[in-house]
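Input: a single structure, listed below in structure tokens.
The values are calculated or read from the model by the stated rules, or taken from the named source; none is laboratory data. All values derive from a computational prediction rather than experimental measurement. Note that each Cβ is placed from the backbone with ideal geometry, even for glycine, and that neighbours are counted across all protein chains shown. These area figures cover heavy atoms from the full protein model, side chains too; ligands, DNA and RNA do not enter into them. Shrake-Rupley method; radii C 1.70, N 1.55, O 1.52, S 1.80 Å.
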Amino acid sequence: MTVIGILSGTSYDAVDAAVADFALDGTDVVCRPRGTYSADMPDDLRARLAAALPPHSTTLSEVCRLDTELGKFFGTVAARANDEVAGGGAHLVISHGQTVYHWVDGDHALGTLQLGAAAWIAEATGLTTVTDLRTRDITRGGHAAPLASTLDELLVLSEDSEASGVRRGSLNLGGIANITVRDRDGRVIAYDIGPANALMDSAVVDATGGTERMDKGGARAARGTVDPKLLDRLLAEPYYRLAPPKSTGKELFHADYVRDALDGRTVATDDLLATLTELTAQLVVEACRDHDVTELVVAGGGVRNPTLMRRIADLAPATRIRPIDDFGLPAQGKEAYLFALLGYLSVHGLEGTVPSATGARRGAILGSLTPGAQPIELPRPAAVRPRHMRVIA
């Protein structure tokens, strides 16, 4: 089955699509990556989305408009990915959508909302479309995050690494940093560590009036000097002291969060970026120490920030750092391939969550289905949930 996974992340600067062929082979799910496609978010749509996200207020009319326009844009991206990567042969689209609110109260997730109306995607592609991949886990007491734990369990946290004495962790450096590891009993646990690109990007946008969106290549952070007072204040965030499973997002870590932490002080932009980069590096390394990680497999946009990657390496010299590319998936495409995998599992009647990672009472088949140009035809339900993922060329 050829599947397209699409998403817009917490930076909402682009929509990424990944195309893969999946098949079940006993206790393995076999993945053949076909390639990726990415399209920049239109400036107007991105600006309106930013204006609607917390801590800003919005209206139901604007939510409706955003849901529609995001759905149309996702549909365009999925259709182009089908044409240009899948050769028009895709069978299924899975859209994570754009998260606009993740409702967390202390250590409990109570709800989540992703926009990007499925019907527009199904109409644009003619393909059955799977959406709303997070809510079902929340109904079972989970955080619906990090869903990357499913792919990490199948691909990265292999049993052979544990048998050889390697304590492996899988890290994603997106807007929010999350990690997946095995505990001493072999259970998979995962959680959002804290901010990665979210605060850095917000600081750059704020400082440049929107003319720049990110600290490209970590250049500003490399020129700057860490502000110890600000770093101490940032590290005092109560979220970091919560026990996993836990999840967070831009509901907490937004532009005003940094302004509040500055408390009226002025810090040069490069120094601010150096401090925020150091914050993420220290949080990542603390998580590695907490779980005795000796090998860290890294993916996400933060991989393109050599200043951040260098600080992680400097703070954890005994930990080997590897890109997820070593396991057959591109670092920039991991999340899109993840959602392609989750949708494939769903249409085969297979659970897409790891309860010990999300905190749910039990696993769940994820998502809602919207028909394409033809009636929905689902494959025969699979009898066994995969235990491993093989990536083949």
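Pair-distance distribution of region 8-62: all C-alpha pairs, bin width 5 Å, starting at 0; shares per bin in whole percent are 4, 15, 17, 14, 12, 10, 9, 9, 7, 3.
Largest first, the extents of the alpha carbon coordinates of region 77-130 on the three principal axes equal 46, 18, 15 Å. As a ratio to 2.2 N^0.38 Å, the alpha-carbon radius of gyration computed for region 242-393 takes the value 1.35.
Put simply, the convex hull of the Cα atoms in region 219-269 casts, on average, a shadow of 4.5 nm². Sorted largest first, the principal axis extents computed over the alpha-carbon atoms of region 221-303 equal 38, 27, 22 Å.
Residue-normalised convex hull volume from the C-alpha trace of region 121-224: 201 Å³ per residue.
Averaging 1/r over every pair of different alpha carbons in region 25-163 and inverting the result gives a Kirkwood radius of 17.3 Å.
The accessible area of Asp185, taken with all protein chains in place and a 1.4 Å probe, comes to roughly 130 Å².
DSSP beta bridges fully contained in the chain are about 65 percent antiparallel. Per-residue ellipticity at 222 nm, computed for the chain from helices alone with -39500 (n - 2.57) per DSSP H run of at least four residues, works out to -10500 deg cm²/dmol. Considering only Ser202, Ser61, Ser247, the Gaussian network model of the chain with Cα springs below 10 Å gives its largest mean-square fluctuation to Ser61. Here the mean projected area of the convex hull built on the C-alpha positions of region 204-247 is 4.7 nm².
For region 27-91, the fraction of alpha-carbon pairs lying more than 13 Å apart is 71 percent, rounded to a whole number. Assign one of three labels to region 100-182, namely rounded, prolate or oblate, based on the Cα gyration tensor with a ≥ b ≥ c the square roots of its eigenvalues; rounded applies when a/c is under 1.5, prolate when it is not and a/b is larger than b/c, and oblate otherwise. Oblate, because a/c is 1.5 or more while a/b does not exceed b/c.
Dividing the mean sequence gap of close Cα pairs (under 8 Å, 6+ apart) by how many residues the chain holds gives a relative contact order of 24 percent. Springs between Cα atoms under 10 Å define the GNM used for the chain, and in it the highest mean-square fluctuation of Leu242, Leu154, Leu273 occurs at Leu242. With the convex hull drawn around the C-alpha atoms of region 297-346, the volume per residue stands at 79 Å³.
Among Asp25, Asp132, Asp270, the largest mean-square fluctuation in a Gaussian network model of the chain, built with springs joining Cα atoms closer than 10 Å, belongs to Asp25. Note on region 318-386: semi-axes of the ellipsoid equivalent to its C-alpha gyration tensor, largest first and rounded to whole Å, are 28, 18, 11. Using all C-alpha to C-alpha distances in region 166-212, build P(r) with 5 Å bins and read off the rounded percent in each one. Reading the bins upward from 0: 5, 20, 19, 16, 12, 10, 7, 6, 4, 2. In region 320-393, a dipole from Cβ-located charges (positive for Lys and Arg, negative for Asp and Glu) runs towards its positive end, and of Leu366, Pro379, Val354 it is Val354 whose Cα lies farthest in that direction. Taking each pair of different alpha-carbon atoms in the chain once, compute 1/r for the pair, average those values, and report the inverse of that mean as the Kirkwood hydrodynamic radius in Å to one decimal. For the chain, inverting the mean 1/r across all distinct Cα pairs yields 21.1 Å. Charge dipole (Cα centre; +1 on Lys/Arg Cβ, -1 on Asp/Glu Cβ; no other charges) of the chain amounts to roughly 480 debye. The value of relative contact order for region 81-215, using C-alpha pairs under 8 Å at least six residues apart, is 14 percent.
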